[in-house]
Structures are given as structure tokens and as C-alpha cells.
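Colleague: Handing you this structure, nothing more for now.
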Amino acid sequence: MSLRPDLAAIAEAIAPASRVLDIGCGDGALLANLRDAKQVDARGMEIDGACVERCVAQGLSVVQGDANRDLADYPDKGFDYTVLSQTLQTATRPDEMLDQLLRVGRQAFVSFPNFAHWRTRSALMFGGKMPVTRAIPVSWYETPNIHHVTVKDFRELAREKGAKIEREWFFSGGTPVTAGTNWRAEFAVFQLSR
Amino acid sequence: MAGASKTLQLPNPLPLDGGGSLADAVIAYETYGELDEDRSNAILLCHALTGDQYVASPHPVTGKPGWWERMVGPGKPIDTARYHVICANVIGSCMGSSGPASVASDGKPYAMRFPVITIRDMVRGLVALLDELEIETLHAVVGGSMGGMQALSLAANWPERAARVLVIASTSRHSAQNIAFHELGRQAVMADPNWRQGDYYDAADQPDAGLAVARMAAHITYLSEEALTEKFGRNLQDREAKSFGFDADFQVESYLRYQGSGFTQRFDANSYLYITRAMDYFDLAEEHGGKLADAFAGTAARFCLVSFDSDWLYPTSESRHVVRALNAAGAAVSFVELSAPHGHDSFLLDVPALDRVVKGFIQ
């Protein structure tokens with residue numbers, strides 16, 4: 001099974017036999033990949049019970065929990081990497097969550113849909129409505145995305161938090177984007193340390 | 001009351017948390033499936049308060065199927081074609097392992113002279129059994145309710161003995177409410193004049209009425225309000241109208257009376273006192289200096305905790321409490337709250353999601 005582009009980038013960057021905590025791990029696709037391909041000690045946290053059940057049924061170590069609250073239970077630097085894929089924008093306090101990611105992990109991967117992508121901008125500019133695009137497919141009243149964020153916003157947050165950006169990846173659909181990223185990237189992935 | 005189980009007399013006195021030791025302790029147990037050559041495929045199943053070793057074979061007294069046949073057997077989630085499953089009667093109980101009904105050295109039943117035991121004492125007995133069976137490391141230890149307490153106790157006190165620890169609908173400590181319900185049950189037994197301070201074994205009349213009330217009260221805690229309403233509502237039992245008397249007018253009354261009287265056929269009243277006491281004394285953090293995470297420091301075992309959303313006896317918050325401690329200890333832990341309508345007893349009933357979790361975790 002092939003991974004989503006942001007997860008594939010993260011999987012490729014993770015060192016073999018390391019310890020990884022995937023927060024909001026969904027059905028465990030990244031965890032299973034890391035465990036099987038890189039002998040990673042892969043753990044997960046997921047709020048949806050049905051997803052957790054599917055993870056545990058695959059033999060993955062996944063805890064049903066709310067990252068807004070339960071990340072605080074993990075010890076400092078207990079993991080080589082923490083991963084937060086497509087979840088930052090759903091956090092109650094993304095800034096505090098970034099702190100937790102960098103406290104629990106030596107390095108953190110964060111991926112999110114870029115709200116400044118040209119499709120989103122034009123939907124708002126010319127449609128005059130909250131954008132519903134292929135990256136942000138759910139209407140404003142039922143979306144879990146309560147803190148939309150752009151590539152530029154995230155760089156600023158990282159700087160304010162004293163986090164160093166080690167690597168970054170940008171995608172439009174499945175294709176890498178290298179220039180004009182805050183306009184052209186549908187999704188961004190950052191690798192951070194502090 | 002012993003059935004056709006295998007029994008093992010422990011070669012050494014069993015040390016007890018309350019001080020002293022239990023000499024000549026006997027453990028009765030059942031096994032299912034073959035032990036492989038390197039003795040690495042054993043799964044220890046720990047039973048609940050009134051459970052026993054007949055996990056997947058008929059009960060010798062009641063003739064009913066084993067208490068977890070839906071989970072244990074060839075091709076079942078705990079597959080006896082792959083695993084060697086061991087289930088032993090805990091000490092203090094009454095299905096062949098040493099308990100208050102056992103005969104002491106003076107030729108009379110121990111009755112209340114049997115020492116007060118703890119969950120850790122029960123597990124010490126199980127570990128002694130594993131020693132005798134020459135099983136160094138279990139593939140998994142699995143338990144629901146009180147069985148889950150034993151699994152946690154084994155993981156905390158003998159961390160090298162199990163590679164996987166599966167704890168279902170359980171807790172790391174008895175709450176005030178848990179203790180309160182148990183005290184109600186014990187007082188019901190002890191208020192029965194036939195209890196005779198525990199010396200009833202030779203008497204014509206047994207403390208069945210008290211034990212039945214204890215079981216009725218406990219049974220309510222095993223079910224959710226939704227399950228009771230669904231099953232019985234306010235339906236009347238075999239009658240058109242209320243009797244304006246104190247017969248079992250309502251179906252739920254009749255059901256509880258049936259549960260209570262059926263229980264006295266298979267369980268010893270003194271055992272009920274001892275085992276509920278052991279559960280009330282259970283506080284895994286207290287045993288480890290007050291911090292639950294310290295109970296699991298350095299563990300290499302993988303853990304899985306499962307709770308049920310309708311279980312108000314050992315609610316999800318208790319499982320989360322254990323999960324937090326395991327996370328703080330850096331242990332590999334899974335946790336899921338499953339949705340099931342039946343209350344605490346969900347772990348014994350038809351919950352397909354539980355089958356998938358159990359199968360996935362132990363493989």
C-alpha cells in the first residue's frame with residue numbers, strides 16, 4: 001500500500017530502528033510502514049476508536065486519546081521523532097501542541113494543508129465563501145479544521161517557538177513543489193528540532 | 001467442589017502479603033492446546049471474581065459451557081491450535097485450588113482460619129505454577145475484571161514472565177464505590193445465620209440466602225442500566241398484573257433471584273469473602289511507593305488495555321489511568337474504549353470488536 005505523499009516523505013526521512021510517536025495516526029498506515037520497512041519502534045495516538053481498533057488488530061501499539069490533553073502524559077524526549085500529520089489545524093492550541101511535539105520527541109514532523117494555496121485564495125477572493133477545495137474538502141460548519149494555517153504562518157510560529165526547521169517538503173496533489181510554495185503548495189511538511 | 005482439573009501441590013510454602021505463608025498450597029488448572037518445543041507459546045488466562053479454570057470446557061458443577069468459549073478454542077481469537085492456554089483457579093477460590101473450604105492440617109476445613117490473601121498472592125501462586133510447568137516467559141497474560149488485576153500484578157512484579165499483557169475492563173485499584181459494593185456483599189453473607197462465623201461446612205444449612213443476595217447486588221454492577229432496561233424494562237414475570245405482594249412481580253426481580261440462587265450451587269460463601277477482600281486491597285501504585293508508573297519502570301512487555309463505554313464498575317477513566325502510567329514509563333501500550341451496551345460484563349459477551357483487538361494484539 002503506498003503512503004500519502006506527506007507520509008511517504010516523513011517515512012523516508014525517519015532513521016531505521018528509531019522510536020516514533022505518530023499523533024493522530026488514523027488507521028496506522030505510517031506506523032505499519034515504519035515497523036515493517038525500518039524496524040521502527042512505532043507507537044500511535046488516535047482519537048477515533050474504530051481507527052484504534054484497526055491499528056491494534058494489526059499488532060500496532062496505539063492509544064485512544066486526545067492529543068490536546070494526553071500528550072502531556074509522555075516523558076520528555078521519550079521518542080526520536082514525533083509525527084503530527086494533517087492534525088495541527090484541528091488542535092485546540094496548535095502553538096501548545098508544537099511545544100509538546102518538541103518536548104516528547106527529539107525531532108518533530110508536522111504536515112498540514114496550506115490555506116494560502118492559490119485555489120483557497122481564489123475560492124475566497126472570487127467566491128466570497130469559505131473555500132472547499134480538494135485539500136480542504138469539508139464545509140466550514142462541519143470541518144474539524146479549526147485553525148487554518150499557511151506556510152508563512154507556520155514558519156513564523158516555528159521561529160517564535162525557537163524551533164529549527166531541519167527540512168521541508170511541499171506538495172500539490174502528489175507532485176513536489178519547490179518554488180512559490182506559499183502560493184503553490186497544497187500540503188506542507190516540516191521537520192523541526194529544538 | 002473440585003472438578004476434573006489437573007492439580008499441582010506447590011513444593012514450597014507460598015509467601016503471603018499479609019505475613020506468613022500458605023503451606024501445601026494446591027493449584028487446580030486446565031490447559032488447552034499444545035505447548036511447543038521451546039515452551040514459548042503459553043498464554044495464561046486469569047479469571048474474574050467468581051470465575052474458574054474452566055475457560056473453554058464445561059463447568060463440572062453446572063454443566064454450562066466454559067466462561068470464555070467464544071474467545072478461546074481452535075480458530076478462535078485466542079487460538080488453541082497455535083497457543084498453549086493455561087487457566088488456573090486462584091487461591092482463595094473453591095474449584096480445586098486452596099481456599100477456605102480446603103482441609104487444613106488438623107483435618108478440618110480452614111474456614112475463616114484461611115489467611116487473608118491479596119491479588120499479588122494469587123499471582124504468586126500462578127507464577128509458582130508456571131515454575132512447575134517450566135514456562136519461563138509467557139507469550140501473553142490475559143485477563144478481564146479481576147483477571148486484569150492479576151495480569152497487571154504479574155507485569156509489575158514479575159516483569160520478565162510475560163511478553164504481552166492484555167487487560168480488559170479492569171483497574172489498577174479498587175475505588176471507594178467498588179469497595180462499598182463488595183462490603184455490601186460480604187455483610188449479606190455474614191448476616192446470614194447459617195454463615196456461623198464461617199464454620200458451616202458440616203452444617204445441614206448453608207449461608208445460601210446471604211450469598212445469593214451478595215451475588216444479586218454484584219450482578220447489578222456488572223450490567224448497564226441500558227442493558228437492564230433493554231432486557232427487562234418494567235415487564236412483569238408470568239403475570240398480568242402486580243400482585244400487591246413481595247413475590248418477584250417484575251422480570252428483573254425474577255432474573256436476579258435466579259442468578260443469586262444459581263450462584264450458590266457453584267460457589268463457596270467464604271471464598272466470596274476472601275476474594276472480594278483481595279480485590280478491595282488491590283492498589284498497584286501503593287505496592288510501588290505510591291506512583292503507578294514506577295510499577296512498570298523498565299518493562300519490556302507490550303500492553304493492551306480495553307475498556308467498555310457502558311462499564312460503570314471499572315470505567316474507562318480507570319483504564320486511562322493505567323495507560324497514562326505506562327506511557328510515563330515508556331512502555332509499549334495500546335488502549336481502546338470499545339462501544340458495547342452490556343456494561344462490565346461486555347468482556348464476556350458478544351462484542352466482535354473485542355475479538356479483533358484480542359486476536360490482533362496477541363499474535
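None of the figures in this text is laboratory data; all of them are computed from the coordinates on show. No experiment lies behind these values; they were computed from the predicted model shown. Cβ placement follows ideal geometry from the backbone for every residue including glycine, while neighbour counts extend to all protein chains displayed.
Colleague: Between A:TRP183 and A:LEU157, with labels modelled 7 Å along Cα→Cβ, what's the label distance in nm to one decimal, could you check?
Modeller: 2.5
Colleague: So, in nm, how far is label A:ASP95 from label B:ASP36 when the simple model puts each one 7 Å beyond its Cα toward the Cβ?
Modeller: About 5.4 nm, to one decimal.
Colleague: Let me ask something additional. Could you check the simple spin-label distance between B:LYS291 and B:ASP247, using points 7 Å along Cα→Cβ, in nm with one decimal?
Modeller: If labels sit at B:LYS291 and B:ASP247, their model points lie 6.3 nm apart.
Colleague: Now, a different point. Which trypsin sites (Lys or Arg not before Pro) in segment B:288-322 pass both tests, a DSSP loop state and at most 15 other beta-carbon atoms within 10 Å?
Modeller: Answer by residue number: B:LYS291.
Colleague: Quick one: what do you get for the protein assembly as shown if you divide its Cα Rg by 2.2 N^0.38 Å?
Modeller: 1.13
Colleague: With a Förster radius of 22 Å, plug the Cβ-Cβ distance of B:GLU160 and B:ASP17 into 1/(1 + (r/R0)^6) and report the FRET value to the nearest 0.05.
Modeller: It comes out at approximately 0.60.
Colleague: Of the candidates A:LEU157, A:LEU98, A:LEU84, which one comes out as most mobile in a Gaussian network treatment of chain A with C-alpha springs shorter than 10 Å?
Modeller: For chain A, modelled as a Gaussian network with Cα springs under 10 Å, the answer is A:LEU157.
Colleague: Next question, about the same structure. How about B:LYS6: which lysines have a C-alpha closer than 24 Å to its C-alpha, ignoring those fewer than 8 places off in the same chain?
Modeller: Cα-Cα hits under 24 Å: B:LYS64, B:LYS76, B:LYS108.
Colleague: With a/c under 1.5 counting as rounded, go ahead and sort chain B into rounded, prolate or oblate using the C-alpha gyration tensor (a ≥ b ≥ c being the square roots of the eigenvalues; past the cut-off, prolate if a/b is larger than b/c, else oblate).
Modeller: In terms of gyration-tensor shape, oblate.
Colleague: Within segment B:97-159, report the trypsin sites (Lys or Arg not before Pro) that DSSP leaves as loop and that have at most 12 other Cβ atoms within 10 Å.
Modeller: Sites meeting the loop and neighbour criteria: none at all.
Colleague: Specify whether the C-alpha gyration tensor of segment B:83-230 places it in the rounded, prolate or oblate class, a ≥ b ≥ c being the square roots of the eigenvalues: rounded for a/c under 1.5, otherwise prolate if a/b is larger than b/c and oblate if not.
Modeller: Oblate, because a/c is 1.5 or more while a/b does not exceed b/c.
Colleague: Over segment B:178-276, what is the relative contact order in whole percent, taking alpha-carbon pairs under 8 Å and six or more residues apart?
Modeller: Averaging sequence separation for qualifying contacts and normalising by length gives 30 percent for segment B:178-276.
Colleague: Provide the packing ranking of B:258-268, B:223-233, i.e. peptides ordered by the mean count of other C-beta atoms within 10 Å per residue, highest first.
Modeller: B:258-268, B:223-233
Colleague: Residue farthest toward the positive end of the dipole of chain B, with Cβ of Lys/Arg at +1 and Asp/Glu at -1: which of B:PRO11, B:TRP67, B:PRO207?
Modeller: B:TRP67
Colleague: On a C-alpha basis, how far is the centre of segment B:27-68 from the centre of segment A:80-126 in Å? Whole number, if you could?
Modeller: 50
Colleague: Go ahead and estimate [θ] at 222 nm for chain B from helices alone: -39,500 (n - 2.57) per DSSP H run with n ≥ 4, summed, over the residue count, rounded to 500.
Modeller: -10500 deg cm²/dmol
Colleague: Mind checking the dipole of the protein assembly as shown: about its Cα centre, +1 per Lys or Arg Cβ, -1 per Asp or Glu Cβ, Debye to the nearest 20?
Modeller: In debye, rounded to 20, the protein assembly as shown gives about 1880.
Colleague: Right, next: Have a look at B:LEU228, A:THR133, B:ALA163 and report the one farthest towards the positive end of the charge dipole of the protein assembly as shown, computed about the Cα centre with Cβ charges (Lys/Arg +1, Asp/Glu -1).
Modeller: Towards the positive end, the residue furthest out is A:THR133.
Colleague: What are the principal axis extents of the Cα atoms in segment A:117-194, in Å, biggest first?
Modeller: Reported extents, whole Å, longest axis first: 39, 26, 19.
Colleague: Now a separate question. Starting from the exponent 0.38 and prefactor 2.2 Å, build the expected Rg for segment B:178-276 from its residue count and divide its actual Cα Rg by it.
Modeller: The reported ratio for this selection is 1.19.
Colleague: Treating cross-link reach as a plain straight distance, find the lysines whose alpha-carbon is under 26 Å from the alpha-carbon of B:LYS242, omitting any fewer than eight places away in the same chain.
Modeller: Those lysines meeting the cut-off are B:LYS231.
Colleague: Compute, for chain A, the length of the dipole vector about the Cα centre, with Cβ point charges of +1 (Lys, Arg) and -1 (Asp, Glu) only. Units Debye, rounded to 20.
Modeller: Using Cβ point charges on Lys, Arg, Asp and Glu, chain A gives about 620 debye.
Colleague: For chain A, what does the helix formula give at 222 nm: sum of -39500 (n - 2.57) over DSSP H segments with n ≥ 4, over the residue count, nearest 500 deg cm²/dmol?
Modeller: -9500 deg cm²/dmol
Colleague: Under the 0.36 nm per residue contour assumption, what length would be gained going from the current alpha-carbon distance of B:GLN177 and B:GLN9 to full extension?
Modeller: That works out to 56.8 nm of additional length.
Colleague: While we're on this one: Under the definition of Cα pairs under 8 Å and six or more residues apart, what whole-number percent is the relative contact order of segment B:234-363?
Modeller: Contact order relative to length: 17 percent.
Colleague: Suppose R0 equals 60 Å; then what is the FRET efficiency for A:ARG194 and B:GLN197 from their Cβ-Cβ distance, rounded to the nearest 0.05?
Modeller: That gives a FRET efficiency of 0.35.
Colleague: At most 16 other Cβ atoms within 10 Å and a DSSP loop assignment: could you name the GluC sites (Glu not before Pro) in segment B:60-160 that fit?
Modeller: Passing both the DSSP loop test and the Cβ count: B:GLU69, B:GLU134, B:GLU136.
Colleague: Now for a different question. Three principal axis extents, largest first, for the C-alpha atoms of chain A, in Å?
Modeller: Cα spread of chain A along its principal axes, largest to smallest: 48, 35, 31 Å.
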